[in-house]
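J.: One structure follows; several queries about it will come next.
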Amino acid sequence: MSYKQNENGYTGEARSKALLSNDFWILTRSVDADSADIIVQEKQRSKEHAIHNRAHTPALGYVQSKYFEGHNQVKIHRNYVDDPITPFRKGYFALIHTNDEHERHVHYFFTAQDIQTHWYFNDKKDHYCFSLTADRDYSEFKNLLPKAIREQIQSGIKDLKYSVESLIWRDFIALNSNTRCLGSPAGQYILTRPYGCPTAIYVAPNGQASPLDPRKDLFPYSGFFEWGYNGTGPNFLAISLLAHFFGGDIPDNDSIDALKYNLISHLERFNKEDIIIDSDRILRALAYVPDSPVDLNSHPTLLSLYNEAQNRYKKYV
């Protein structure tokens with residue numbers, strides 16, 4: 001790294017700290033890792049509040065600081081902005097500094113989503129790039145007031161904290177949920193109402209039965225499983241049933257909608273007899289094939305849809 005680059009790096013970091021220090025505690029790492037020059041934490045309101053939060057997930061934000069002169073280009077590697085799980089990296093921000101023609105301090109503030117949307121790629125498409133031109137002045141991100149920056153960082157920190165806690169909770173549920181073993185044939189799901197309480201039970205091929213776990217980690221809901229209409233309860237059942245049927249794999253929205261709209265919402269809600277759902281009924285729903293005793297060989301279009309679904313979900317059938 002050149003002398004000038006070192007100097008610019010120090011200038012950018014110093015200005016960012018000065019801009020953020022009124023609203024956040026400023027933390028630093030001993031090494032420059034994951035493109036986060038500055039780590040920010042919301043200031044605690046009191047000593048008691050700090051003690052109370054000891055047992056909570058730390059709420060942190062990550063700020064990349066840059067300083068440039070004139071029309072020089074600023075680059076941030078895609079790996080620092082993009083996220084393998086979510087559309088963009090939550091809790092990550094960039095503060096870009098420069099001087100105007102009168103040597104007054106100027107700053108630009110971006111969230112990771114802003115960088116993805118408003119910056120441009122280099123030729124290798126491995127860096128997001130920022131530079132000022134006549135057509136690209138980034139005026140909406142220029143010299144934002146400290147209050148606006150604070151609110152965006154607080155919102156990003158909150159989103160990141162929620163995502164981390166959700167992943168921890170999801171991993172815990174996944175490790176402790178009773179999902180079917182994909183190495184064995186699929187059993188049957190029994191929908192029943194003992195004492196009027198809607199209940200789902202899984203019966204393995206060997207006859208062993210267990211209640212279907214409600215996957216509140218995948219769909220936060222305080223109600224019960226339901227069926228026979230299009231609503232929240234049936235959606236909760238579809239998600240939980242597929243997560244079990246898929247052996248713990250998380251179902252996508254297309255699969256959930258297919259099972260809900262093509263099967264669960266059409267079941268008799270207050271049927272006196274137990275409702276039995278086997279793997280064939282699930283596969284038909286995922287294939288958008290009617291839940292009725294239709295001879296698929298007599299309907300080429302439906303047979304094609306069924307075969308496509310069989311191929312797509314062969315890991316689970």
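J.: Can you find even one residue in region 206-221 that is aromatic (Phe, Trp, Tyr) and outside the structural domain of Glu69 (by the TED database)?
T.: Taking region 206-221 first, the residues aromatic (Phe, Trp, Tyr) are 219, 221.
Filter once more, so that each one left must be outside the structural domain of Glu69 (by the TED database): 219, 221.
Yes, region 206-221 contains at least one residue that is aromatic (Phe, Trp, Tyr) and outside the structural domain of Glu69 (by the TED database).
J.: Turning to a different aspect of this structure: If a residue has to be among the hydroxyl-bearing types (Ser, Thr, Tyr) and in contact with a helix residue (DSSP H, G or I) (Cβ under 7 Å, 6 or more places away or on another chain) to count, how many in region 8-53 make the cut?
T.: From region 8-53, those among the hydroxyl-bearing types (Ser, Thr, Tyr) are 10-11, 16, 21, 28, 30, 35, 46; that's our starting set.
Restricting the remaining residues to those that are in contact with a helix residue (DSSP H, G or I) (Cβ under 7 Å, 6 or more places away or on another chain) gives 35.
Going through region 8-53 one residue at a time, the tally reaches 1.
J.: Just checking, which of Ile157, Ile153 is buried (at least 16 other Cβ atoms within 10 Å of the Cβ), of a type outside the set (Asp, Glu) and modelled with pLDDT of 95 or more?
T.: Values: Ile157 fails: modelled with pLDDT of 95 or more.
Among Ile157, Ile153, only Ile153 is buried (at least 16 other Cβ atoms within 10 Å of the Cβ), of a type outside the set (Asp, Glu) and modelled with pLDDT of 95 or more.
J.: Being surrounded by fewer than 15 Cβ atoms within 10 Å (Cβ to Cβ) and of a type in the set (A, V, I, L, M, F, W, C): is that true of Leu237 here?
T.: On the way: surrounded by fewer than 15 Cβ atoms within 10 Å (Cβ to Cβ): no; of a type in the set (A, V, I, L, M, F, W, C): yes.
Spelling it out, it is not the case that Leu237 is surrounded by fewer than 15 Cβ atoms within 10 Å (Cβ to Cβ) and of a type in the set (A, V, I, L, M, F, W, C).
J.: Does Ser16 satisfy the criteria of being under 17 Å from Leu95 (Cα atoms), surrounded by 14 or more Cβ atoms within 10 Å (Cβ to Cβ) and modelled with pLDDT under 75?
T.: On the way: under 17 Å from Leu95 (Cα atoms): yes; surrounded by 14 or more Cβ atoms within 10 Å (Cβ to Cβ): yes; modelled with pLDDT under 75: no.
No; evaluated as a whole, the condition is false for this residue.
J.: Can you pull out the strands (runs of 3 or more DSSP E) entirely within region 177-235 that have at least 2 residues that are of a type in the set (S, T, N, Q) and touching a residue at least 60 places away in the same chain (Cβ under 8 Å)? Outline the logic, then answer.
T.: Details: elements: 188-192, 199-203, 209-211.
Those strands (runs of 3 or more DSSP E) span 188-192.
J.: Take region 245-260 and flag every residue that is buried (at least 21 other Cβ atoms within 10 Å of the Cβ) and either in contact (Cβ under 8 Å) with a residue 60 or more places away in the chain or not assigned by the TED database to the domain that holds Asp213 (or both).
T.: Phe245, the sole residue that qualifies.
J.: Out of all the residues in region 97-108, is one or more charged (D, E, K, R), modelled with pLDDT of 90 or more and in contact with a Phe, Trp or Tyr (Cβ under 8 Å, 6 or more places away or on another chain)? Write out each step before concluding.
T.: First, pick out the residues of region 97-108 that are charged (D, E, K, R): 100-101, 103-104.
Subset that is modelled with pLDDT of 90 or more: 100-101, 103-104.
Then drop every residue that is not in contact with a Phe, Trp or Tyr (Cβ under 8 Å, 6 or more places away or on another chain), which leaves none.
No, the conditions are met nowhere in region 97-108.
J.: Continuing with the same structure: Among Val74, Val81, Val106, which is the only one that is within 21 Å of the chain's Cα centre (by Cα) and either surrounded by fewer than 12 Cβ atoms within 10 Å (Cβ to Cβ) or not acidic (Asp, Glu) (or both)?
T.: Values: Val74 fails: within 21 Å of the chain's Cα centre (by Cα); Val106 fails: within 21 Å of the chain's Cα centre (by Cα).
After applying the criteria, what remains is Val81.
J.: Go through region 264-284 and give me each residue that's out of contact with any strand residue (DSSP E or B) (no Cβ under 6 Å at 6 or more places or on another chain) and more than 9 Å from Gly228 (Cα to Cα). Even if it seems obvious, please write down each step before you answer.
T.: Restricting attention to region 264-284, the residues satisfying the condition of being out of contact with any strand residue (DSSP E or B) (no Cβ under 6 Å at 6 or more places or on another chain) are 264-266, 268-273, 279-284.
The answer is Asn271, Lys272, Glu273, Ser279, Asp280, Arg281, Ile282, Leu283, Arg284.
J.: Within region 193-214, work out how many residues are buried (at least 17 other Cβ atoms within 10 Å of the Cβ) and out of contact with any His (no Cβ under 8 Å at 6 or more places or on another chain). Walk me through it before giving the result.
T.: First pass over region 193-214, keeping only residues buried (at least 17 other Cβ atoms within 10 Å of the Cβ): 198, 200, 202, 212-214.
Checking which are out of contact with any His (no Cβ under 8 Å at 6 or more places or on another chain) leaves us with 198, 200, 214.
Residues meeting the conditions: 3.
The values are calculated or read from the model by the stated rules, or taken from the named source; none is laboratory data. Not measured: the values here are computed from a predicted model. Backbone-built Cβ (ideal geometry, glycine too); neighbour counts: all protein chains shown.
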